[in-house]
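Before any comments, here is the structure.
The values are calculated or read from the model by the stated rules, or taken from the named source; none is laboratory data. Everything quoted here is computed from the prediction, not taken from an experiment. Positions of Cβ are backbone-derived with ideal geometry, glycine not excepted, and every protein chain shown enters the neighbour counts.
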Amino acid sequence: MNTQKPYRIGILGCSTIAPFSIINPVRELDQFVTYGVASRDLDRSAAYALKHQIPHVFESYDKLLASADIDVVYIPLSNFLHKEWTLRAIEAGKHVLIEKPIALLADEVLFINERAREQGVHVLEALMVQHHSWQQDITDMITAETYGKLKKIKTRISFEILQSNYSADNYRFKPEYGGGCFIDECSYWLQFIQKIIGLKPQTLDGFSTFSGINQCDWTFHAALQYEGGVEAEFLGSFEMPNNATHWLEFERARVRISGFFKPCYGDYKIIIQVEHTEEGTTDKLVYSPQNYYVNQLRFLAEVLGGTRENIPLSESYERVATMNAIYEIARKKHAGQPTLEDRPDGEAVNYG
């Protein structure tokens, strides 16, 4: 019989994502409870706790971190605050579930990893899509050459956020705060590519007109070129209609995963469509309804319980390093300056 008491989660900030990522999924699991919340506004925290039936309200982030009643800290704060509060939680001896990207600079990920090891705590970057078997099935499809060799991967992730209820001071509208569509969306693309073919491209590229509010990237194009000719392309946008689709082109088939964010919002199916180009027929791989966030918390519970290895932060480092390099290329193109890949004396990304 399992006598492990539930891990108590403390939430930093009154975020709109936490009901989907923590509060509702926790109610389906025995391994966790949502214990408390803190924000910079005590009245707002109290109203949030009342609305979501969270039993404890802390006067500040620091008070939550100092509480002996908190085991795990969930951090869904603005991108530019991720490093600071992840490190503060680590120093307080808490395990951390941190929203993507874990940090804005690759070197910051290395420091987070070092401090987590020294403190003996776990840090998990909350890329919920990786906690579903469909990604492994795509990887196996590529490795086994089920439909011949892989030729090309295309990904589109777009959210029409100007039609949403975002305030003008939202971090997404401020480049210095990690705003813009690429930094906000690319972690999902890079994690998928990393999983299925690795993040060791020969070349990489990025482009944006940076025509959004405060010169944010409202639409962003990125590309990775691999040895052997495989290409991976990304289109991200804050101004195009909502879309989350991967396309993979093989020698004998085209594979599409549409609406891959849907299991963020409840128990939904993932459907992979396979178009056999030689036969002219179409198959579907249908997965039973699942919730990514429930899966993510189950994974975290196993890590905390010592029955499963955590995902190494070296993977987060690799993603953030690639994100940094692509973003710099796009910024320097826009400014008409030499980019990293134009320099004869160095690589675009130091993978270590």
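Some points to look at:
- Candidates Glu176, Glu108, Glu160, Glu91, filtered to the one that is touching a Pro at 6+ places or on another chain (Cβ under 9 Å), touching a residue at least 24 places away in the same chain (Cβ under 8 Å) and among the charged types (D, E, K, R): Glu160
- For Lys174, the criteria (1) of a type in the set (Lys, Arg); (2) closer than 24 Å to Lys83 by Cα; (3) within 17 Å of the chain's Cα centre (by Cα) hold in every case but one, which is (3).
- Residues located in the range 194-247, provided they are under 17 Å from Pro175 (Cβ atoms), within 19 Å of the chain's Cα centre (by Cα) and assigned to a loop (DSSP other than H, G, I, E, B): Asp217, Trp218, Phe238
- Set Ala330, Ala335, Ala301: member being modelled with pLDDT of 95 or more, among the aliphatic types (A, V, I, L, M) and closer than 30 Å to Phe210 by Cβ: Ala330
- Screening Leu190, Leu285 for residues that are surrounded by 20 or more Cβ atoms within 10 Å (Cβ to Cβ) and either assigned by TED's automatic domain parsing to the domain that holds Tyr147 or closer than 18 Å to Glu160 by Cβ (or both) leaves exactly one candidate, Leu190.
- Selection within the range 270-304 - in a loop (DSSP other than H, G, I, E, B) and over 25 Å from Glu233 (Cα atoms): Glu279, Gly280, Tyr287, Ser288, Pro289, Asn291
- Condition met for Leu204 (buried (at least 23 other Cβ atoms within 10 Å of the Cβ) and farther than 16 Å from Ile102 by Cβ): no
- Test: residue in the range 130-143 that is over 30 Å from His276 (Cα atoms) and not in a helix (DSSP H, G or I): no
- Applying the criterion of being aliphatic (A, V, I, L, M) and in contact with a Pro (Cβ under 8 Å, 6 or more places away or on another chain) to the residues of the range 248-298, the residue that is nearest to Lys152 (Cα to Cα) is Ile270.
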